[in-house]
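Below: one structure, written as structure tokens.
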Amino acid sequence: MAGRSPFTNLDPVTAADLQRRGFNPLELDRATEQLLTYVYTSLIPDFPFLATGRLAARPASDGVDRISRLPRALLRDIVSRLPVTDAARTAVLSSRWRTVWLSAPPVLVDAYLGEDDYAWPPTPANSPAITAAVSRVLEAHPGPFRHVHLVCSHMNAYRARLARWLQLLAAKGVQDLVLVNRPWPCDVPLPDALFAISTLVRLHIGLWKLPDTARLGSYRTFPHLRELGICSVVMEEGDVDAIVARSPVLEVLSIQGSSKGLRLRLVSQSLRCVQICGSVVEDIAVVKVPCLERLILHGCRDLAGGMCSRIRILDAPNLRVVGFLEPANHVLKIGDTIIRAGMKESTATILTSVKILSLNVRFGIRSEAEMVPRFLKCFPNVKTLHIMSGKCNQSTGTLNLKFKEVPIESAMLGISEMYFREFRGDEGEVAFLKSLFKSADVLEMAVIMMANPSFTQFSPDDALSKVKSASELSRSSGKVVVVVSGGPEGGRPWSFQKGTDFSCEDPFSVVVENLRKA
């Protein structure tokens, strides 16, 4: 269309400013859309429904309206599961249907409120119509609202309207709220009214700036909140701790894209899962979290000056799943003891509850490889081990580790399943496999996923031969499967949904049947 902006996210003022400073605004616009796509597809909950077409039904052959004769409670349940625009249309059928519509807790998804009825991706030009439609629905319906997903508007120009929305949602008892700003800018302040929504059970926010939690007072709480997701939100130290302290039944805490150096001091009687991805992490202290089952750190970015992230586990007696520990970037502290290669074993430095462990290791760097047996000895009851083998770009020389030089065998005795990703047949990788096969007496399954040859230069045939040679050392009768990855180098981005799916015992698992056999 003539005159249409070339940008999906940038406004003309921001684009012009970038050009003046020598940047290409189209590149930033594309990168922003990639981030938003990741947020929409992997981090926030799916829409409660998928409106793939208009609702329609054939009339009864005898002309009798039997649907309207259904019990009122059933009609309310039906209407509450419709997209809000379709639910509102039922009000014109009769006075009875109008009362049903007004009494049913609606589902509000702004992606279906645009003039084009689900035009994607939304642009700044769509925001006036979408925000106006959201306001009409929130003002017109008495509530309560079951699900509200507001992810399409560039809210920098509608800050007063945003504050009004949150006031209405607080008054009308929203339970499930997903609130994502379309940048730019990426740090639009969230109104304090967010903390007045005491009915929330699930809250996901993206691309905002958190209000100052210090000035809110202890009376602002989320008494029913069970799940909190924070995506690319600007926040200060202590903000997350304050929200957790105000959420007495919170079970899931998920954080993505924190760039200021995240520091958490976790104290909670209810938390079951903490997952942090794509963030700059300074210090995570699990101080007293008796119900914590999963601690997942994925793709954490490097700290300035080459510093390592500190992961401290003080009191988490039910912790079962830990990943993705990185010897290059994480310093693990159990109790009062920092875990180092070569240190003596002690009951004070082990966590017997952990059954599933995931490690990201560059086997060509001796200091990293030496930490593998040390980490395994910290978690002596691990049954399922996941290894992601990282590329080693530097000349390793004599750094290649011979695992027979370190006492790794005893740490592998109880492993029953092992998944090795990004295998290329490097010397350190093969040495690890040989130690595993010689030591793991109860090994039932070993899955070796070779790197994708499209992204990584190596010989798949040579790598396969090395796996077969190593597996001949196995002391168990377990199955060895070798497959070829079809995904990107380093694996796919982490999905919050995987981490919070408690019906799946192992959130790091892969479906081997979907991979190509070597």
Legend entry - Sorted by Cβ density within 10 Å, fewest first, the residues T347, T32: T347, T32
Legend entry - Helical contribution to [θ] at 222 nm, DSSP H n ≥ 4, -39,500 (n - 2.57), averaged over the chain, rounded to 500: -7000 deg cm²/dmol
Inset, instruction - Would you mind counting up the charge near D302? Only other residues with Cβ under 13 Å from its Cβ, with Lys and Arg at +1 and Asp and Glu at -1. - result: -1
Legend entry - Along each principal axis, Cα extent of the range 247-352, largest first, Å: 39, 35, 18
Legend entry - Pair K288, K479: separation of 7 Å Cα→Cβ label points (nm): 4.6
Inset, instruction - Please find the FRET efficiency linking A160 to E33, where r is the Cβ-Cβ separation and R0 is fixed at 22 Å, and quote it to the nearest 0.05. - result: 0.25
Inset, instruction - Using θ = phi - 60° and the Karplus relation 6.51 cos²θ - 1.76 cosθ + 1.60, list the HN-Hα couplings for the range 473-481 in order, rounded to whole Hz, with x at every Gly or Pro. - result: 8, 5, 8, 10, 9, x, 8, 10, 10
Inset, instruction - Could you work out the relative contact order of the chain, using alpha carbon pairs under 8 angstrom and six or more residues apart, expressed as a whole percent? - result: 7
Inset, instruction - Grab the eigenvalues of the alpha-carbon gyration tensor for the chain, scale each by 5, take roots, and send me the semi-axes largest first in whole angstrom. - result: 47, 26, 25
Legend entry - Unsatisfied cross-links (Cα-Cα over 29 Å) in the set K333/K479; K260/K383; K391/K479; K344/K434; K288/K438; K260/K377: K333/K479; K260/K383; K288/K438; K260/K377
Inset, instruction - Express in nm, to one decimal, how much length is gained between S454 and D192 on full extension, taking 0.36 nm for each residue of separation and deducting their alpha carbon distance. - result: 89.4 nm
Inset, instruction - Just name one of Q175, N393, H149: the one whose Cα is farthest towards the positive end of the charge dipole of the chain (beta-carbon charges, Lys/Arg +1, Asp/Glu -1). - result: Q175
Legend entry - Longest site-free stretch - the chain; sites: trypsin sites (Lys or Arg not before Pro), DSSP loop, at most 10 other Cβ within 10 Å: 67-343
Legend entry - Angle in degrees between helix 460-471 and the longest Cα principal axis of the chain, rounded to the nearest 10: 60
Inset, instruction - Calculate how steeply helix 127-140 sits against the longest principal axis of the alpha-carbon atoms of the chain, using the helix alpha-carbon long axis, and give the answer as 0 to 90 degrees to the nearest 10. - result: 70
Inset, instruction - Give me the orientation-averaged projected area of the Cα convex hull of the range 105-209, in nm², one decimal. - result: 5.7
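Only the coordinates and a few stated rules stand behind these numbers; no lab work does. For clarity, every value in this text was computed on a predicted model and none was experimentally measured. Glycine gets a Cβ as well: all are built from the backbone with ideal geometry, and neighbour counts include every protein chain shown.
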